[in-house]
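Right, one structure below, let's go through it.
The values are calculated or read from the model by the stated rules, or taken from the named source; none is laboratory data. It should be emphasised that the depicted structure is a prediction, and the values quoted were computed from it without experimental measurement. So basically every Cβ, Gly included, is an ideal-geometry build from the backbone, and we count neighbours across all protein chains shown.
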């Protein structure tokens with residue numbers, strides 16, 4: 001130890017040592033993340049293993065995917081290492097996940113949400129995979145799987161349509177007919193109200209179900225192309241076409257279950273299950289709320305009625321889930337093999353065995369084991385001229401979550417304010433779509 | 001301290017040692033090197049640098065660097081993907097926030113309402129309960145536990161529980177008053193005229209217990225002699241409380257004020273679980289989260305909201321610190 005004659009210099013030394021210590025500790029602190037970052041990307045990949053990032057955290061789909069991967073391993077000899085995260089967490093962390101050290105293959109959605117990561121260079125094009133699976137899919141699915149640059153980035157696995165659900169027994173008992181035009185729908189709503197039913201069950205506490213209603217009204221009244229333009233931020237929200245959608249909505253809003261903003265979709269589904277409501281606009285996953293087998297068989301649906309004859313019922317909202325290839329893949333060859341397998345009817349059939357609420361994305365998959373509801377959903381989707389994904393999958397998530405969700409909740413509560421709501425949406429949209 | 005010890009040994013008289021003799025000023029100066037040598041061995045210095053250095057580094061990295069980064073990011077737009085995509089936009093985020101965001105001003109208002117309600121309702125109620133429990137009534141411990149229990153629960157749990165109570169279809173309240181029929185719905189969760197108050201009841205339910213414990217601790221510190229004296233002077237119970245006990249609770253009141261301001265500014269979890277900050281319950285903290293976390297990744301814009309929250313916090317903290325320091329200087 002440094003002994004000085006002057007008492008004052010001793011604290012000086014110790015201060016310096018302290019600083020040195022701090023510097024060292026700082027270097028140490030800074031070094032740890034750097035080292036781990038290097039370690040992450042630098043590890044040699046095992047050519048026999050493909051890693052998969054999964055959001056299938058619920059027991060049923062988790063098991064279904066495990067079955068698919070087991071079948072793949074049997075087929076190819078490649079091991080699949082699955083990294084499952086909670087569904088919502090996976091979605092919320094997707095940005096940092098894809099920038100860090102993502103798995104080779106990851107679960108994701110078709111539509112804008114897929115194209116966004118493709119355009120950011122966080123996904124790898126998979127035209128090579130599609131060479132072998134192209135024949136398995138209809139044109140609408142092919143369109144959904146391409147990025148803005150025209151290359152393939154996505155392998156679809158399953159899909160499900162949005163439609164108006166009802167109970168066959170209720171319609172039979174009261175002598176209701178399935179409406180095919182707007183006027184018939186309005187007349188049916190009036191009749192149901194007279195009969196003491198809630199015409200259309202509705203719960204928008206989670207803020208996304210209202211987006212489904214908007215989508216249906218929009219592409220029925222204005223067509224698929226306008227839906228795409230509007231979602232891409234090109235068309236204006238103050239356009240007369242958009243205003244028309246909200247006018248139509250205002251017309252049927254009184255027939256929706258009131259107090260919707262405080263009700264979850266599950267509770268709304270219960271009103272349909274308990275025969276208190278006549279219809280419910282939702283995806284086929286509404287079936288999850290029908291736990292009783294007899295109720296389940298009583299459940300049926302029809303496509304949202306025609307509004308403008310020019311567009312008829314040619315568009316179906318069918319959110320599609322599938323897989324993408326990350327940019328930091330460690331085992332490209334193995335990942336391609338896995339994606340090729342996931343694009344086969346065999347993989348889809350394994351998945352569908354466990355989840356009866358969805359249908360296969362491929363037209364080649366065996367439909368003989370489908371339930372009546374699945375068969376109908378399948379026909380609806382394969383007969384569609386255009387498929388949409390859902391507002392929050394077809395548009396920027398920052399726009400839909402921070403602007404559209406609160407705006408639609410506001411409209412549902414107070415439809416008279418539609419003009420100020422729409423001009424506010426348009427103003428906010430401009431800044432969001434102008435950035436990046 | 002070593003110096004003091006040696007002085008005591010030498011003089012053998014503690015009273016003298018307490019006041020060092022005027023001539024002794026040189027003596028410690030000679031002994032300083034020796035003393036420090038003994039105080040700070042190599043190992044001591046290492047320990048000291050680790051103990052002082054690591055927290056300092058963590059503090060700087062986790063508090064100052066992040067706060068400054070967030071202030072800087074408030075003047076940019078960034079989608080969170082790669083540092084190259086950060087673009088400087090000047091005051092645009094703030095302009096957008098103040099003029100275009102329909103949720104911003106309601107959020108500021110709700111944070112203020114939150115504070116005012118917490119100060120006006122649960123705080124006096126907590127004080128009242130504390131005063132009652134301080135009287136050593138029977139089962140005092142049981143009451144204390146019962147009132148304090150909500151404070152132990154996490155806010156998320158409280159939000160979940162109350163959300164079940166307020167559920168429009170199956171909730172306790174609507175079922176009891178028969179408001180769960182079509183046409184008669186009372187939408188506690190979705191109606192913007194009701195939902196903030198519904199949540200504030202839940203928040204107050206918890207805050208009352210918190211305030212009660214703080215005041216109870218304060219009351220235990222009140223000198224019983226004071227009460228006795230005021231009783232001898234013929235003061236009634238209310239007069240004693242108003243003129244004698246309450247003024248001595250001043251330090252507790254300061255803590256209560258600070259705690260309540262913090263609670264009002266950081267209010268988040270309860271509302272997020274309750275209805276995700278839908279219309280009527282927007283809060284600044286929820287706007288920050290909605291913009292930054294999740295897929296939306298409007299990091300620049302979210303940071304701008306966070307900066308507004310920071311400025312509001314500073315506007316509250318700085319006068320408080322100035323007052324405290326002034327008091328210390330006077331003392």
Those residues of the range A:286-313 that are part of a loop (DSSP other than H, G, I, E, B), in contact (Cβ under 8 Å) with a residue 60 or more places away in the chain and more than 19 Å from residue A:257 (Cα to Cα) come to a total of 7
Checked the range A:353-369 for anything in contact (Cβ under 8 Å) with a residue 12 or more places away in the chain, over 19 Å from the mean Cα position of the chain (by Cα) and surrounded by fewer than 19 Cβ atoms within 10 Å (Cβ to Cβ); matches are A:353, A:354, A:363, A:364, A:366, A:369
query: Could you say whether any residue in the range A:376-390 is in a loop (DSSP other than H, G, I, E, B) and at pLDDT 90 or above?
result: yes
Flagged in the range A:152-170 as part of a helix (DSSP H, G or I) and surrounded by 18 or more Cβ atoms within 10 Å (Cβ to Cβ), in numbering order, are A:170
Just one listed residue, out of B:322, B:305, B:317, B:293, is within 15 Å of residue B:73 (Cβ to Cβ) and at pLDDT below 90, and it is B:293
Within the range A:408-418, residues free of Cβ contacts under 8 Å to residues at least 60 places away in the same chain, more than 8 Å from every other protein chain (Cβ to nearest Cβ) and assigned to a helix (DSSP H, G or I) come out as A:416, A:417
Given the structure, is residue A:395 in contact with a helix residue (DSSP H, G or I) (Cβ under 9 Å, 6 or more places away or on another chain), surrounded by 20 or more Cβ atoms within 10 Å (Cβ to Cβ), modelled with pLDDT under 95 and over 27 Å from residue A:259 (Cα atoms)? yes
Looking at the range B:112-132, can you tell me whether even one residue there is within 14 Å of chain A (Cβ to nearest Cβ), in a helix (DSSP H, G or I) and surrounded by 17 or more Cβ atoms within 10 Å (Cβ to Cβ)?
no
In the set A:149, A:139, A:127, the lone residue that is touching a strand residue (DSSP E or B) at 6+ places or on another chain (Cβ under 8 Å), away from chain B (no Cβ under 14 Å) and surrounded by fewer than 23 Cβ atoms within 10 Å (Cβ to Cβ) is A:127
For the range A:423-434, pairs from a residue that is surrounded by fewer than 19 Cβ atoms within 10 Å (Cβ to Cβ) to a residue that is at pLDDT below 95 and assigned to a helix (DSSP H, G or I), with Cβ under 9 Å and 6 or more apart or across chains, are A:427/B:96; A:427/B:99; A:433/A:399
Only one of (1) surrounded by fewer than 16 Cβ atoms within 10 Å (Cβ to Cβ); (2) more than 13 Å from chain B (Cβ to nearest Cβ) does not apply to residue A:350, and that is (1)
Quick count over the range A:283-298, residues being at pLDDT 90 or above and buried (at least 20 other Cβ atoms within 10 Å of the Cβ), is 3
Just one listed residue, out of B:52, B:69, is assigned to a helix (DSSP H, G or I) and either within 17 Å of residue B:291 (Cα to Cα) or under 23 Å from the mean Cα position of the chain (by Cα) (or both), and it is B:69
Looking across the range B:73-91 at residues that are assigned to a helix (DSSP H, G or I) and free of Cβ contacts under 8 Å to residues at least 60 places away in the same chain, the single one that is farthest from residue A:434 (Cα to Cα) is B:83
inquiry  = Condition first: farther than 22 Å from residue A:260 by Cβ and either surrounded by fewer than 20 Cβ atoms within 10 Å (Cβ to Cβ) or more than 12 Å from chain A (Cβ to nearest Cβ) (or both). Can you find one or more residues in the range B:177-195 that meet it?
reply    = no
Given (1) surrounded by 23 or more Cβ atoms within 10 Å (Cβ to Cβ); (2) in contact with a helix residue (DSSP H, G or I) (Cβ under 6 Å, 6 or more places away or on another chain); (3) in the same structural domain as residue A:306 (by TED's automatic domain parsing), residue A:189 misses just (1)
Given (1) part of a helix (DSSP H, G or I); (2) surrounded by 24 or more Cβ atoms within 10 Å (Cβ to Cβ), residue A:280 misses just (1)
Residues of the range A:146-169 being at pLDDT 95 or above and out of contact with any helix residue (DSSP H, G or I) (no Cβ under 8 Å at 6 or more places or on another chain), in sequence order, are A:164
Over the range B:80-103, the set of residues away from every other protein chain (no Cβ under 11 Å) and within 20 Å of residue B:312 (Cα to Cα) is B:91, B:94, B:98
* Please tell me if residue A:346 is within 19 Å of the chain's Cα centre (by Cα) and either assigned to a helix (DSSP H, G or I) or not assigned by TED's automatic domain parsing to the domain that holds residue A:147 (or both). => no
Contact list, first residue from the range A:260-285 and within 28 Å of residue A:352 (Cβ to Cβ) and within 12 Å of another protein chain (Cβ to nearest Cβ), second anywhere and at pLDDT 95 or above and assigned to a loop (DSSP other than H, G, I, E, B), beta-carbon distance below 6 Å, six or more apart or interchain, is A:268/A:202
*For the range A:215-226, does any single residue satisfy the condition of being surrounded by fewer than 18 Cβ atoms within 10 Å (Cβ to Cβ) and either within 14 Å of another protein chain (Cβ to nearest Cβ) or free of Cβ contacts under 8 Å to residues at least 12 places away in the same chain (or both)?*
yes
